[in-house]
Each structure stands twice: as C-alpha cells, then as structure tokens.
Ligand SMILES: *Cc1c(COP(=O)(O)O)cnc(C)c1O
C-alpha cells in the first residue's frame with residue numbers, strides 16, 4: 001500500500017477521535033466523497049455546457065447543468081456558476097469581472113474577520129492590484145454601519161466585497177445594500193461560512209440585497225472543496241451582462257478546465273441541503289454555538305460581541321493575558337482542534353493573536369447537541385485554566401522558541417492527555433457520517 005493511504009487512514013482516525021471545532025471545517029457525506037473520487041476526475045471540459053472546447057462532454061454537460069439548476073432553485077437566483085476552483089478564486093474572478101486594476105474596492109479587514117481576498121493590503125491579489133480601502137469593528141467588536149457609510153461616501157468604492165470568517169453576529173445586509181446603492185457600488189456578499197445557515201433560515205439572507213453572492217461549498221454547505229458565484233435578480237437587473245461577465249472571468253479569465261468531480265459533489269451537496277433534515281441541521285448548529293457560548297461565559301471567559309448569532313464564537317483571551325497560540329496548542333493535545341484568531345483591535349500580530357475561534361458545524365454533523373456542548377465547554381475551561389501560567393514572551397524574537405519548547409513540554413502532559421481520552425470516548429458515541 002502506498003504510504004499515502006496509510007496517512008489517509010491516520011487522518012481519518014484523527015478526524016474521528018478529536019473534536020473538529022474549526023468553524024470552516026465540516027464532514028462531507030459519503031456520496032459527496034464518492035463523487036469527488038470518481039472517474040469524473042479524468043475528463044477535460046473547458047468551456048460551458050453546449051459550448052466546450054473538447055469532445056466527449058455530453059454527460060459532463062448534464063452534470064454541470066444539474067448542479068447549476070440545483071443552485072438556482074435552492075437560492076432562487078437567475079444565475080449560478082459552479083466552476084470556481086475554491087472560494088479565493090471565486091472572489092478574484094468577481095473582481096476580474098467587475099473592476100479594473102486601480103479601481104477602489106472595499107471590504108472588512110482581515111484582523112476583524114474579513115478574508116484575504118477582500119482587499120487585504122500589499123500581499124494579496126485583491127490588495128495589490130486595486131485601491132483597497134478597508135473597515136474594521138468598533139471597540140465592542142461590532143460593525144459600525146454609520147462609520148462604514150461615511151467611509152463609503154468618502155472613498156466611493158466601485159465594489160464592496162463583504163463577508164467574514166470570524167464575526168460572531170449576523171450581518172445587516174439591508175443596511176449594507178443601502179450603503180452600496182447610495183453610491184451605485186456593486187455589493188458582493190461572500191457567504192462562504194454561513195451559506196448553510198442561510199439555507200436553514202437561521203442567518204440573514206443576502207440574496208435580495210446583494211448583486212452577487214459568492215460562497216465556498218465545503219464549509220456549512222458540507223460539499224466538496226469548491227465554490228459558486230451566484231447572481232441575484234437585483235444584480236442582473238443592474239447589469240443584464242452580469243452572468244456573461246462572470247462566465248468570462250472564470251474562463252478564459254482565470255481558470256482552465258473545471259473540476260468535474262467537484263461539480264458533481266457540489267450538485268449532491270445542494271440536493272442534500274434542499275431537505276428539511278438539512279434545515280434542522282442548520283438550526284442545531286446555531287443552537288449548539290449558543291449553548292457553547294453561554295457555558296463559556298458562565299465559566300468566566302470573555303467572548304467577542306459577548307456571544308454568537310451564528311455557528312462560531314471568538315474567545316477574547318486578553319483578560320487572561322493568554323496567547324491564542326498557547327491555548328490552541330494545548331487544546332489540540334487535549335483532542336480539541338480549534339484555531340487561534342485575532343480579536344477586534346488586537347494589538348498582537350496575526351501570527352500571535354489574542355483570541356481563539358470555535359465553531360460547531362462539524363460537531364453538529366456528528367449529531368452532538370447542547371448537552372455535549374456543555375461538556376466540551378467544561379474541557380475547554382479546564383485546559384485554559386491549566387495553561388494560565390504560560391505567558392507568551394513580550395519580546396517578539398523569543399516567541400517562536402518559547403512555543404516550540406511549550407509544545408514539546410505539553411505533548412506528553414498527563415492532564416491534557418487525560419482530557420483527550422475523555423474526548424475520544426465522547427467521539428466514539430458520535431461516529432463520523
Ligand atoms: C473560506 C473563505 C474563503 C476562501 O475559500 P478557500 O476555498 O479557502 O479559497 C473566502 N471567503 C470567506 C469569507 C471564507 O470564509
């Protein structure tokens with residue numbers, strides 16, 4: 001057996017025996033995984049259904065058309081493209097379609113939960129080739145719509161690309177649309193994290209407010225790694241050429257052949273999402289996040305925005321003078337896999353942020369409910385309490401050495417491993433689908 005298969009087995013075991021609490025992660029169904037690993041991977045099909053650059057695409061055309069129809073039907077939109085390779089290419093393609101190099105674009109800054117592709121300065125495509133202006137959060141960690149409005153009036157962006165990976169509260173899409181419309185800007189909602197919650201009706205829908213909605217398909221949607229670009233009725237009304245512009249931006253603009261195996265997986269996940277069972281799932285994701293938040297608050301932790309209205313929450317570790325790195329590393333040893341994250345107005349750099357981000361989509365897929373969230377909160381509180389003495393050095397150059405030493409110290413720590421074995425017992429009761 002190829003060593004790779006041994007490693008896949010190991011990864012499967014890890015995913016089964018630990019708590020997957022990174023909010024962007026989830027477990028795709030067996031059907032989705034089968035489609036992705038199917039013979040569809042063998043076929044080239046540059047172009048679109050009925051107008052491909054290669055022969056032999058009759059069946060691929062049917063698959064892609066079905067995926068598009070399912071997306072249009074589920075989101076009630078006039079246009080869907082399922083070819084973007086992933087969320088980042090999808091956003092780049094939207095920019096390529098609608099703005100010129102040097103044009104002003106606007107988005108939520110990375111440190112406040114925006115994505116790299118929303119105009120993060122200097123080091124990204126979106127930040128380097130466009131005049132990117134960004135907004136942050138207020139002192140309480142909330143979006144300040146008045147301030148965004150004022151900034152928009154001043155900067156006059158041509159396009160606003162807005163979405164988040166860490167904002168625990170719901171977006172007010174109506175207000176954002178009023179702001180964008182007041183200057184005639186494109187409003188693109190990046191719903192990557194929350195698309196499954198929107199389907200379930202437990203998160204505000206951007207579909208009547210934005211012109212375009214982009215989304216990954218592998219997060220709360222539970223599909224394969226990929227993305228969609230959806231044009232709303234409002235978007236097509238603003239510019240009837242919008243669908244053609246998006247099509248062209250994807251190919252020939254930025255991509256070659258679509259990943260047909262992924263397209264099939266997306267089609268399956270859309271069908272799976274168009275069910276009452278999925279809506280129940282989405283509702284439970286939010287209920288679980290709320291239960292987790294309230295248990296952590298009861299345990300004395302500080303949360304950004306004091307709680308959550310979605311699938312994720314961010315613990316602010318500043319009152320404990322703890323580093324996100326120390327906490328995330330320790331939780332991993334305890335079988336709880338989360339990630340460190342910046343908190344609003346974090347004075348620490350993104351590599352050593354002061355927060356911890358936790359999400360419930362994957363745990364909920366395994367069938368865990370509020371009761372399990374309480375138990376998990378207890379473990380998290382215990383771990384945080386246990387590592388309280390370990391402060392990240394003030395001197396930046398001393399940090400990496402400290403964390404390395406810390407990691408090797410805790411890797412065999414009896415207390416943390418004890419929690420890991422309790423975690424494993426819980427996981428065995430909730431098998432991965
Ligand atoms: C995950 C995510 C992306 C990027 O998706 P990739 O598939 O990792 O490229 C973009 N925007 C938001 C808001 C995301 O959450």
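A simple packing score, the average count of other Cβ atoms within 10 Å per residue, orders the peptides 5-14, 193-202, 298-307 as 193-202, 298-307, 5-14, with the highest score first. Separation of region 250-309 from region 380-426 is 29 Å, based on Cα centroids.
A compact globular protein would have a Cα radius of gyration near 2.2 N^0.38 Å; the ratio found for region 48-133 is 1.38. Between residue 69 and residue 425, what is the FRET efficiency for a Förster distance of 56 Å, r being their Cβ-Cβ separation, to the nearest 0.05? Efficiency, rounded to the nearest 0.05: 0.80. Taking 174, 395, 72 as the candidate residues, the one with maximal mean-square fluctuation in a Gaussian network model of the chain, Cα springs under 10 Å, is 395.
Here the gap between residue 385 and residue 277, fully extended at 0.36 nm per residue and compared with their Cα-Cα distance, gives a gain of 35.1 nm. The orientation-averaged shadow of the Cα convex hull for region 276-429, equal to a quarter of the hull surface, comes to 9.0 nm².
Equivalent ellipsoid of region 117-177: semi-axes from √(5λ) of the C-alpha gyration tensor, largest first, are 20, 15, 11 Å.
Placing a label point 7 Å from the Cα of residue 432 along the Cα-to-Cβ line, the residues of region 344-380 whose backbone N sits under 15 Å from it are 362-367.
Taking 155, 64, 394 as the candidate residues, the one with maximal mean-square fluctuation in a Gaussian network model of the chain, Cα springs under 10 Å, is 394. Taking all Cα-Cα distances within region 210-327, those exceeding 19 Å account for 66%.
The modelled label-to-label distance between residue 61 and residue 12, using points 7 Å beyond Cα along the C-beta direction, is 3.8 nm. On the basis of the beta-carbon distance and an R0 of 60 Å, residue 3 and residue 145 show a calculated FRET efficiency of 0.70.
Using C-alpha pairs below 8 Å separated by at least 6 residues, the relative contact order for region 276-429 is 28 percent.
Using the basic label-point model (7 angstrom from Cα toward the beta carbon), what is the residue 131 to residue 414 distance in nanometres? Calculated label separation equals 6.5 nm. For region 316-377, the share of alpha carbon pairs falling in successive 5 Å distance bins from zero is 4, 18, 24, 21, 16, 11, 5, 1 percent.
With the convex hull constructed from alpha-carbon coordinates only, region 60-200 shows a mean projected area of 9.2 nm² over all directions.
Between residue 178 and residue 116, the FRET efficiency from the beta-carbon distance, with R0 = 22 Å, is close to 0.25.
Could you check which residue among 286, 39, 343 shows the biggest mean-square fluctuation in a GNM of the chain with a 10 Å Cα cutoff? Looking only at 286, 39, 343, the biggest GNM fluctuation is shown by 39. A convex hull fitted to the Cα coordinates of the chain yields 147 cubic angstrom per residue.
Cβ crowding within 10 Å ranks 3, 140 as 3, 140, fewest other Cβ atoms first. Dividing the convex hull volume of the alpha-carbon atoms in region 30-273 by its residue count gives 116 Å³ per residue.
In terms of Cα atoms, the Rg and Dmax of region 358-433 work out to 15.6, 45 Å.
Read-outs: derived from the displayed coordinates by stated rules, not from any lab. Keep in mind that this is a model prediction, so the values were computed, not measured. Note: ideal-geometry Cβ built from the backbone for every residue, glycine included; neighbour counts use all protein chains shown.
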